[in-house]
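To start, the structure itself, in structure tokens.
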Amino acid sequence: MVVIIVIVVIVVLFLILWPAFMYNSLVRGRNQCTESWSNVDTELKRRYDLIPNLVETVKGYAKHEREVLDRVTQARAAAIASQGSPISQAKDENALVQSLKQLFAVIENYPDLKASKNFLDLQHELTNTEDRIQRARRFYNGNVRDYNNKVQSVPSNIIAGMFHFKDEEFFEIENAVERQAPEVKM
């Protein structure tokens, strides 16, 4: 009789504790996704702060390239204003990266600019920032993958469904070439 009572107590404890542990695990995963997205956002803002300095530096040398400089400025403004999901943010980031690539292509025509210490410092800082953004993206996407696995996998999907846990979106770049930091050849 004692054995049956012990088994019943163990089963009841399991039925009470397992959902609590699973729920807490899902909350932890969701919070890690939120925190890691904040890290991505911080690095993107760092890039946004560097771009006006870069544009002003180039403006002094490349007076005839107004259209390219305007595109970079507009793409930066659109990326800053993007407050939607990671997918919509990625779209705006793709446009910004494309405009930066065009800017760096224009810079190739200005050897004095490429030799400028101010420009070289900005270029180094932008490259460093791009690397930081990539690390933050990978960290965020890794957290999203782990969280989504919990939300979609049996048996944790039962708790996820009961408490309306939803999949998080990955922050993906459309083109594989854009996954690299903008390259400036000197």
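Things worth noting here:
- Of Q74, I16, V106, farthest towards positive along the dipole that unit charges on Lys, Arg, Asp, Glu beta carbons give the chain: I16
- Highest-fluctuation residue, L13, L96, L69 considered, GNM on the chain with Cα pairs under 10 Å: L13
- By the helix-only formula, in which each DSSP H run with n ≥ 4 contributes -39500 (n - 2.57) and the sum is divided by residues, the chain has a 222 nm mean residue ellipticity of -27500 deg cm²/dmol.
- Dipole moment magnitude, nearest 20 debye, the chain about Cα centre, only Lys, Arg, Asp, Glu C-beta charged: 240 debye
- Between Y110 and R145, the FRET efficiency from the beta-carbon distance, with R0 = 45 Å, is close to 0.55.
- Over region 40-179, equivalent-ellipsoid semi-axes from the Cα gyration tensor in Å: 38, 14, 11
Quick note: the coordinates plus some simple rules give every number you see, no bench work behind them. Note that the coordinates shown come from a computational prediction; the quantities given were computed from them, not determined experimentally. A quick note on method: Cβ atoms are made from the backbone with ideal geometry, for glycine too, and the neighbour counts reach across all protein chains shown.
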